[in-house]
Structures are given as C-alpha cells and as structure tokens.
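So the structure is just underneath, and the comments pick up after that.
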Amino acid sequence: KSETPANMGDAVFSVTNATLFVPINKKSSYNTDSWNKYFSYVTEGEFVDDYTDNGYTFYCMKKVVENVATNYALLIKYSNSSVDVDIPASVKIGNVDYNVTIIGKPAFSNNSKITSVTIPDYINSIDDNAFIGCTNLSVIECKMETPCKITSTVFPDYSAFLYVPTGKTKSYTT
C-alpha cells in the first residue's frame, strides 16, 4: 500500500509471474523496469478474490474513487481446450458482479489452439503480449463500442479478421 515504490535490487523476489496491486493513481509509478521484471501485471485497487470457471481465471478487485466503489475483474489465464474463446463480460462471486475490464498479458499467451476470440464490451485494457504465441488465431470479434488502445504486441504478426460493432469501423481504424 506504499504510495511511493521502493528501489528494487536484484533477486528481491523469487517469483516472476505475480500480480502487484497498488494504490489508486499510482500504477505509473510502479510500471518501471525494476518492478516489471518481478511482476507479470501491475494494477490499481484492492484484491478481493480469485475466481476460476470454465478454464478462465480472474482476479476480482475493488477500486474506490471519491467514495464510489467499482468492482472489476482482470482475466489472467485461459486454460480451456476450446478453440473458440468467448470471454465472459462479467463474473459473479456470491451476489457481487465483477465486470471483466482487463485482459492481462499472460492470459492467452502461447495458446496455439485458439482460432477465434470474442472480446466483451466492458474491456478497457488489453495488455502487451496477451495473445502472443496464439499462432492459429484467425478471427477476433470485438463487442466494444469504443475500442481500447492497444500496442502492436497485443496481436503480434497475425493476419486475423477483425469484426466490430455495426457502424464502428472508423473508430477501430483511426
């Protein structure tokens, strides 16, 4: 819960695929090379629980900004054998809904079985390398009315067909 990240030396952590939860509006302070070599993902908010269903693993989180709580989920891993992936728009723990808003960088990496993926409307972030190594991915359907910004490493070197909501083609090409 530190507002300012400590300087990191070598061999501080022995695990390199963990998620780091940091205070609200402090993510950029922690997104540095010295921290990123130890954590696969840095996110803002309070960790609530993890949730696994049908091969999807999520971290469910709560973010409170100006006394308004928002529940959201980060998709961290897909381990189902299905070739057609339909990412759920939300998950429920008890009676609390968590909208899936983030696809984390290790979520689909090196899954060469996947041929198509449907991305739900609430997604506002897809991390670098989220789909790296998905060499058979040929169809991407985005249900987002407003596309999130991505880098060239999200879908590296793929010749996939991209389907977007009707009337939104221009939003996805600019």
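All conditions in (1) surrounded by fewer than 22 Cβ atoms within 10 Å (Cβ to Cβ); (2) in a loop (DSSP other than H, G, I, E, B) hold for T118, with the sole exception of (2). Scanning the stretch 64-79 for residues that are surrounded by 15 or more Cβ atoms within 10 Å (Cβ to Cβ) and not β-branched (V, I, T) yields N71, Y72, A73, L74, L75, K77, Y78. If you check Y59, Y51 for being modelled with pLDDT of 90 or more, touching a Phe, Trp or Tyr at 6+ places or on another chain (Cβ under 8 Å), within 20 Å of F131 (Cα to Cα) and open to solvent by 40 Å² or more (accessible area, probe 1.4 Å), only one passes: Y59.
Put simply, of K92, K105, K113 the only residue that is in a strand (DSSP E or B) and open to solvent by 10 Å² or more (accessible area, probe 1.4 Å) is K92.
The conditions of being open to solvent by less than 80 Å² (accessible area, probe 1.4 Å), at pLDDT below 75 and over 27 Å from N95 (Cβ atoms) are met by A6. Among the residues making up the stretch 159-174, those that are in a loop (DSSP other than H, G, I, E, B) and on the phi < 0 side of the Ramachandran plot are S159, A160, V164, P165, T166, K168, T174.
Looking only at the stretch 17-48, residues that are at pLDDT below 70, within 28 Å of T118 (Cα to Cα), in contact with a Pro (Cβ under 8 Å, 6 or more places away or on another chain) and surrounded by 16 or more Cβ atoms within 10 Å (Cβ to Cβ) come to 2 in all.
Check the stretch 150-158 and report whether any residue there is touching a helix residue (DSSP H, G or I) at 6+ places or on another chain (Cβ under 9 Å), open to solvent by less than 80 Å² (accessible area, probe 1.4 Å) and either hydroxyl-bearing (S, T, Y) or in a strand (DSSP E or B) (or both). The answer is no; no qualifying residue exists. Kindly evaluate T135 against the criterion of being open to solvent by 20 Å² or more (accessible area, probe 1.4 Å), closer than 12 Å to F108 by Cβ and either not in a strand (DSSP E or B) or not hydrophobic (A, V, I, L, M, F, W, C) (or both). Considered against the rule, which asks whether it is open to solvent by 20 Å² or more (accessible area, probe 1.4 Å), closer than 12 Å to F108 by Cβ and either not in a strand (DSSP E or B) or not hydrophobic (A, V, I, L, M, F, W, C) (or both), T135 comes out as yes.
The values are calculated or read from the model by the stated rules, or taken from the named source; none is laboratory data. Here the structure is a predicted model, which is why all the values come from computation and not from measurement. Don't worry about glycine lacking a Cβ; one is built from the backbone with ideal geometry, like all the others, and counts go over all protein chains shown. Keep in mind that these areas ignore ligands, DNA and RNA; they rest on the heavy atoms of the full protein, side chains included. Shrake-Rupley method; radii C 1.70, N 1.55, O 1.52, S 1.80 Å.
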